[in-house]
């Protein structure tokens, strides 16, 4: 989409964030759409959940992003809102590898559009460890990328109320470690990486990738009506195996659909494209 898009040109979009996400979202979105982003840093987005578990997320990752976007619309009286939400957990294929999923959502209540950019990958320092000594703490911190990547520390376990955040200097980390150890019931402290965007440069890069994906989706306009966000809504598997020729679990076709006029189009893989035998249930059961 060109910057003079009739959908977004001259409009205003609100972004609620207290963790600096506007640094990577605002310039990308404004350049791609010709829309001005209003950044609201005063609303406490921790009310929608914290990575350190003081506040549970009210719904799924996407549902929470929608709540953030709608709160922005409510507070600023505009028709466009952006929202970012991240999650961390085990990789579905390799459970011992952490997975970061970032989404950047655009909600347009005037046009009835919802467009969601996404990044999913293992490029993260997400980690936790229960330690009893300073040498263990130092080792964990160095692997986590400290001090450019902040740490969080608390006594005993991951839910202890005496949590210390905003640790980004060796002196303050040592002081927090000693204080937590002094009040620990089991002689240990719980260390974890701080996953808030402003405290974690690696995560901020992944949020930027999700914002870039949002811009990519915005540029995909419906061939029938020109509405942005002409995106894949369904994938059909069955790409033939390179060895036996039977259908595999690899994607053979993708279905795109317009949110506005409901026009759809199927894009099939090229006739000469085949799946590796490793993806075939017949050759590699």
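See the values below:
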{"quantity": "Dimensionless Rg/Rh of region 128-194 - Kirkwood Rh, Rg from C-alpha atoms", "calculated": "0.91"}
{"quantity": "Whole-Å semi-axes of the ellipsoid equivalent to region 34-91 (Cα gyration tensor, √5λ, descending)", "calculated": "23, 13, 10"}
{"quantity": "In degrees, nearest ten, helix 201-219 long axis to first principal axis of the chain (Cα)", "calculated": "20 degrees"}
{"quantity": "Extended-chain gain in nm, criterion 0.36 nm per residue less alpha-carbon gap, residue 182 and residue 31", "calculated": "49.2 nm"}
{"quantity": "Degrees separating the helix 22-33 axis from the principal Cα axis of the chain, which is the longest one", "calculated": "10 degrees"}
{"quantity": "Förster radius 30 Å - calculated FRET efficiency between residue 157 and residue 123 (Cβ-Cβ, nearest 0.05)", "calculated": "0.60"}
{"quantity": "Ranked 19, 91, criterion: other C-beta atoms within 10 Å, fewest first", "calculated": "91, 19"}
{"quantity": "Among 86, 187, 145, residue whose mean-square fluctuation peaks in a GNM of the chain (springs only between Cα atoms under 10 Å)", "calculated": "187"}
{"quantity": "C-alpha long axis of helix 170-182 to longest principal axis of the chain, angle in °", "calculated": "70 degrees"}
{"quantity": "Euclidean distance between Cα centres, region 210-271 to region 108-166, Å", "calculated": "34 Å"}
{"quantity": "Protection proxy ranking of 23-30, 243-250 - average other beta-carbon atoms within 10 Å, highest first", "calculated": "23-30, 243-250"}
{"quantity": "Residue among 271, 95, 155 with the largest mean-square fluctuation in a Gaussian network model of the chain, springs linking Cα atoms under 10 Å", "calculated": "271"}
{"quantity": "Exposure proxy order (Cβ contacts within 10 Å, fewest to most) of 123, 171", "calculated": "171, 123"}
{"quantity": "Residues 148, 172 arranged by fewest to most Cβ contacts within 10 Å", "calculated": "148, 172"}
{"quantity": "Region 191-285: equivalent-ellipsoid semi-axes (sqrt of 5 x gyration tensor eigenvalues, Cα, Å)", "calculated": "32, 26, 9"}
{"quantity": "Residues of region 139-166 with amide N under 11 Å of the 7 Å Cα→Cβ point at residue 54", "calculated": "161-166"}
{"quantity": "Kirkwood hydrodynamic radius (C-alpha pairs) into Stokes-Einstein, region 166-223, 37 °C and 0.692 mPa s, D in µm²/s", "calculated": "223 µm²/s"}
{"quantity": "Computed P(r) (all Cα pairs; region 51-195; 5 Å bins; percent)", "calculated": "2, 9, 16, 16, 15, 13, 11, 9, 5, 3, 1, 0"}
{"quantity": "Correct option for semi-axes √(5λ) of the Cα gyration tensor in Å [calculated from the coordinates] among (i) 39, 29, 14; (ii) 36, 21, 15; (iii) 27, 26, 16", "calculated": "(i)"}
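All of the numbers you see were taken from the coordinates with simple rules; none came from a lab. Here the structure is a predicted model, which means the values were calculated and not measured. Please note: Cβ atoms are built from the backbone with ideal geometry, for glycine as well, and neighbour counts cover all protein chains shown.
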